[in-house]
Structure formats: structure tokens, C-alpha cells
Amino acid sequence: PLVPEKTGEMASCKPFYALAVFAAATLCIIAVSRSSNQLKSSVASHSIARFAKPAPFTSRNLRRKCTAPSPRAGHAMVVGAGAGGLITEVDKDSYYPTLKNAGGKLILVDFYTDWCGPCKMIYPYLEELARENPDTLQIVKLNCAGENRELVNELGVRVLPTFLFYKNEENIATVKGAKREDLKNIIAEYAVAAA
């Protein structure tokens, strides 16, 4: 019998207690297993969520965004740098007129997109170059996305960022990637000749 008799004999209670202990142990194992799996999935989802969150916006490491829309067709728009240096954003319609109007000044064209990490990281350096060389260097940037894609393909830009250097409307140098030293060396070589 599973229920103890009224006579008080413990021998008849042993099967009942064994069953109760087995059931309790089984329930504990199931509970621990479920909470362990929930804990594992919670840790995994927390880890994934931690890496999926975008980095906070800081003006130090991200390309500054224009508050105005992209330049109207055929018009250049000043977007950055200060203290005399200018960085101008152009589009497919204002690209060649900007090169023509520069005269003998060295032009550095920055091909970028908003999602390009290296493009964002080198932008403060471009602002610094614009401030240091206001009389001998003009920096122009062109967003490779959207309607400018045809011009970008025509110019053979495949890597971002890409920097094209022009003097007297002629391409004199190209730098692929965010290579500060290469930019600095080309500017030193050609900006001196323009002075």
C-alpha cells in the first residue's frame, strides 16, 4: 500500500516516501534545467544585443553630417572646416565645374559614403589639412551613394575612401584608403609648387 496504515508501521510508508522523493528530485532537475537554458539564452541574447547596438554619436570620430540636404544640382555646398580652410561638397553636376574654377590650386577630392567607417575616421584630419593649407589646397567631397554613382563609376572609384588629387583639371595622384601619410606627402609635394 502507498498510504500509511493507521497502525503506525513505517514499513508500509517506504514506497510512498520513495515515490515522493523521486517526484521531487525529478521536478528539481526539470526546474534547474529550464532555468539553466533560460539563463544561457538570456546571456546569449544579451551578448548579441550588446554587440548589435550602434556606437553613440560623437563628433570626434564620426563624419559631421550636414543639416541641409545634399547640394542642389550644379551647386557646391560648404560643409566643414574653419579658420580659413573650406571643405566643399559637390554632386555629379558640380564636380567638373568645381575642378575648372580652382585654377592652379591643388584639389583633393574625398569620395565617401555615410556608412563608411574609415571615411568618418579620416574626416577630422581633412579638416585639419584644410585649415593648415587654405591658400594652396581646396578639399572637395563627393558622396558615392545615390545619384552620384554614375560619376563614381566613370572615375573608377572602387575603394572607400578614395582621394583624387587634381591640378589644372588634371588628375595627378590617387590614394586608396585612409592613409594620412600618403595624403600629407602628396600635399607637401604639389602644394609647394602652387605657392
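Taking segment 128-150 as the region of interest, how many residues are within 18 Å of residue 182 (Cα to Cα) and crowded, with 19+ Cβ neighbours inside 10 Å?
So the count comes out to 8.
Scan segment 155-179 for residues that are touching a residue at least 12 places away in the same chain (Cβ under 8 Å) and part of a strand (DSSP E or B) and jot them down.
162, 163, 164, 165, 166, 167, 172, 173, 174, 175, 176
If you check residue 178 against the conditions, is it open to solvent by less than 40 Å² (accessible area, probe 1.4 Å) and either in contact with a helix residue (DSSP H, G or I) (Cβ under 6 Å, 6 or more places away or on another chain) or more than 16 Å from residue 88 (Cα to Cα) (or both)? First the steps, then the outcome.
Values: open to solvent by less than 40 Å² (accessible area, probe 1.4 Å): no; either in contact with a helix residue (DSSP H, G or I) (Cβ under 6 Å, 6 or more places away or on another chain) or more than 16 Å from residue 88 (Cα to Cα) (or both): yes.
No.
Quick one: count up the residues across segment 112-154 that are among the polar types (S, T, N, Q), outside any loop (DSSP other than H, G, I, E, B), within 20 Å of residue 100 (Cβ to Cβ) and out of contact with any Asp or Glu (no Cβ under 9 Å at 6 or more places or on another chain).
Final tally of qualifying residues: 1.
Looking at (1) open to solvent by 90 Å² or more (accessible area, probe 1.4 Å); (2) within 18 Å of residue 101 (Cβ to Cβ), which one does residue 165 not meet, given that it meets all the others?
All conditions pass for residue 165, except number (1).
The values are calculated or read from the model by the stated rules, or taken from the named source; none is laboratory data. Since the model is a prediction, treat every value here as computed from it, not as a measurement. Using ideal geometry, Cβ is built from the backbone for each residue, glycine included, and neighbour counts are taken over all protein chains shown. Side chains are part of the model used for accessible areas, which takes the heavy atoms of the whole protein and leaves out ligands, DNA and RNA. Shrake-Rupley method; radii C 1.70, N 1.55, O 1.52, S 1.80 Å.
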